[in-house]
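The values are calculated or read from the model by the stated rules, or taken from the named source; none is laboratory data. Source: prediction; values computed, not measured. Cβ placement follows ideal geometry from the backbone for every residue including glycine, while neighbour counts extend to all protein chains displayed. All accessible areas refer to the heavy atoms of the entire protein, side chains included, with ligands and DNA or RNA removed. Shrake-Rupley method; radii C 1.70, N 1.55, O 1.52, S 1.80 Å.
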Amino acid sequence: MYAIVTTGGKQYKVAKGDIIDVEKLDAQPGDKVELDVLMLNDGEQTVVDAAALEGKKVTCEVLDQFKDKKVTVFKFHKRKRYHRTKGHRQNLTKLQVSELPELA
């Protein structure tokens, strides 16, 4: 059984026990968070109807708040003596999926 959930403008395929890294959520390690469900699949049937999925949430536990590895941004204009280098580290939250909703 798996679900497609959305958070931070991105979609993730999750199953029970999965660990995912999502954009930073306002929660402390040990807290429970609920993610919106876009699709549910139990191996036999798939539900994508928004009305049927309304109110269904995937429950996750926050494991950690951390920063991702550095991404280098380099801008360059040929023959203009222009180049700029910047780095960026995105804040992320590590979640463990603890519970999926049941199909009715």
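So here's what we get for this one:
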| read-out | value |
| --- | --- |
| Carbon and sulfur %, accessible surface of the chain computed with the full protein complex present, 1.4 Å | 46 percent |
| FRET efficiency, 1/(1 + (r/R0)^6) with R0 35 Å, evaluated for V48 and K86 via beta carbons | 0.30 |
| Percent of C-alpha pairs per 5 Å bin, the chain, short to long | 2, 11, 19, 17, 13, 9, 8, 6, 5, 4, 3, 1, 0 |
| Total formal charge among the other residues, if their Cβ is under 13 angstrom from that of A15, Lys/Arg +1 and Asp/Glu -1 | -1 |
| Total formal charge among the other residues, if their Cβ is under 14 angstrom from that of K86, Lys/Arg +1 and Asp/Glu -1 | +4 |
| For K57, net neighbour charge (Lys/Arg +1, Asp/Glu -1) across residues whose Cβ lies under 15 Å away | -4 |
| Estimated translational D of region 29-78 in µm²/s (Stokes, Kirkwood radius over Cα pairs; 20 °C; 1.002 mPa s) | 144 µm²/s |
| Rounded accessible area per residue of the chain, 1.4 Å, Å² | 72 Å² |
| Over region 15-104, relative contact order from alpha-carbon pairs under 8 Å, at least 6 apart, % | 39 percent |
